[in-house]
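Visitor: Okay, handing you the structure first.
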Amino acid sequence: MRSVCLLLLYTTVAFAASVIPDRKCRGVYFDNKYYDIEILKEGINKIHQLVFNNNDNTVYFTFGQIGAVPYRSLGYYNLDTRQAGLIGGVRNASGVAVDQIKNKVYVGGIDGVYALNRDKEPERYPIYDNIHKLFFRDVLYYINVRKEAYVFDNGIVNRMPELQTEKVDDIIVDDDDNVFFLQNDTLFRVKLGTRAINIHEGYPINVMAVDPYYRAFFSTKNGIFIYNKYKFALDRVSRMKDLRALAFTKNMEPIYAVVDILIKLKANPTNCYDYRI
C-alpha cells in the first residue's frame, strides 16, 4: 500500500512540475525529451552521492544509516537483475565516483579512498584523508571534510591549484575543462589551469552532475539547468526540482533521488507523436 501511495503521489508531483504544456505530449520533460517514471527503490535514507557505472549497468550510491550515531554506507542497484545490496569495508562511505574507461568504482570514507574489485570488495588506495565527495574525469578529484579540493593522479596527491585557497563543498569538471564548485549553495566556475573564478548568482544549487558526454547539470529549487558554454550561462532543461542526487545511464536516461526514492526516467518515444516545445 505504501508503495502504491508513494507512486501515485510522486507521479502526480513530478508530472505537475515537469510537463511542458503541449496537448499532444505526455510524460516528464527533461532536456528536450519526454520520459516515463520508473521507481527503482524506496526507503533510501539521505542519499549523499550517486553515480552510474555503464560497464555493469549499476547505480552506486552513498546514503545515511539510521541510528544514534550518523553513519553512511555504500549501496548499489543493478538495472539488469533488479538486485540491490550493500557493500561493506569502507567506514562512513561518503564519496563515490566511476572511471568508465577502466571500469573502476572509487569510494571515499573516513579512512581515505578505495576502489572496488570484481567481487565488489574495496581495496585501499594511498590516500589518507577523511573524504566528503569524489568526482572522476581523467583523474580522481576529491573534497575532504575540511572542504579542501585535491587531485589524485598516477599515485600522487596534490592540492588543486585552481582552488588552492577556496573552501569547496562539491566539484564537477565538464567537457570544456570548466571546474564547477559549490560554496554552500552558491555556484562558481574556473577553467582548469587558470585562477580566474566566476560566480553564477541567482541559482542556489543543491545537486551537480555530468552526463556521459560531461555536460554539466545543476538542480535548483526552480528546476534543472545545463551549462551553456556559448553564453556562459545556465539554461533550464526541466521543471523538476529539489533533487537529492542525479546521474545518467549510457543511454542518457536520468537517474535521480527525491526524498528517499531512487527513480529512473525511461525514454518512451510514443509519449510524444507530434513533438513540439
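Visitor: In whole percent, what relative contact order does the chain give with Cα contacts below 8 Å and a gap of six or more residues?
Guide: Worked out over the chain, it gives 18 percent.
Visitor: Fully extended, how many nm does the chain gain between N32 and I101 (0.36 nm per residue separation, minus their Cα-Cα distance)?
Guide: Working: separation 69, 0.36 × 69 = 24.84 nm, distance 2.77 nm.
Taking 0.36 nm per residue and subtracting the Cα distance, the gain is 22.1 nm.
Visitor: With every protein chain left in place, what is the accessible area of L192 in Å² (1.4 Å probe, nearest 10)?
Guide: My reading of the accessible area for L192 is about 50 Å².
Visitor: Once the whole set of protein chains is in place, how much accessible area is left on T194, using a 1.4 Å probe, in Å² to the nearest 10?
Guide: Accessible area, nearest 10 Å²: 50 Å².
Visitor: Sorted by accessible area with a 1.4 angstrom probe, largest first, how do D138, D56, D99, D175 fall?
Guide: So the residues, ranked largest to smallest area, are D138, D175, D56, D99.
Visitor: Could you check how much of the accessible area of the chain is carbon and sulfur, as a whole percent, using a 1.4 Å probe?
Guide: Details: 6880 of 13690 Å².
Accessible surface attributable to carbon and sulfur in the chain totals 50 percent.
Visitor: Explain nothing, just the number: relative contact order of region 144-277, from Cα pairs under 8 Å at least 6 residues apart, as a whole percent.
Guide: 13 percent
Visitor: Evaluate the relative contact order of region 38-189 (contact order divided by residue number), counting alpha-carbon pairs under 8 angstrom at least 6 apart; express in whole percent.
Guide: The normalised contact order for region 38-189 reaches 12 percent.
Visitor: Rounded, prolate or oblate, given the Cα gyration tensor of the chain, with a/c below 1.5 counting as rounded?
Guide: oblate
Visitor: Would you mind counting up the charge near K46? Only other residues with Cβ under 10 Å from its Cβ, with Lys and Arg at +1 and Asp and Glu at -1.
Guide: My count for the surroundings of K46 gives +1.
Visitor: As a check on your grasp of the helix formula, calculate [θ] at 222 nm for the chain: sum -39500 (n - 2.57) over DSSP H runs of n ≥ 4, divide by the residue count, round to the nearest 500.
Guide: Helix-only estimate at 222 nm: -2000 deg cm²/dmol.
Visitor: Could you state the number of Å between the C-alpha centres of region 228-256 and region 27-106?
Guide: 17 Å
Visitor: How far is helix 2-18 tilted off the main Cα axis of the chain, in degrees rounded to 10, range 0 to 90?
Guide: It is inclined by approximately 80 degrees.
Visitor: Here's something else I'd like to know. Going by accessible area, probe 1.4 Å, with all protein chains left in place, what is the ranking of K41, K46, largest first?
Guide: Greatest to least solvent exposure: K46, K41.
Visitor: Shifting gears a bit: For the chain, which span is the longest to avoid every loop-located (per DSSP) member of chymotrypsin sites (Phe, Trp or Tyr not before Pro) having at most 11 other Cβ atoms inside 10 Å?
Guide: Details: sites that count: Y128, Y213, Y230, F232, Y273.
Result, exposed sites excluded: 1-127.
Visitor: Right, another one. Quick check for you: with a 1.4 Å probe and neighbouring chains kept, what is the accessible area per residue of the chain, in Å²?
Guide: 49 Å²
The values are calculated or read from the model by the stated rules, or taken from the named source; none is laboratory data. Because the structure is predicted, anything quoted here is derived from the model rather than measured. Please note: Cβ atoms are built from the backbone with ideal geometry, for glycine as well, and neighbour counts cover all protein chains shown. Each accessible area value is taken on the protein alone, full model and side chains, heavy atoms only, with ligands, DNA and RNA left out. Shrake-Rupley method; radii C 1.70, N 1.55, O 1.52, S 1.80 Å.
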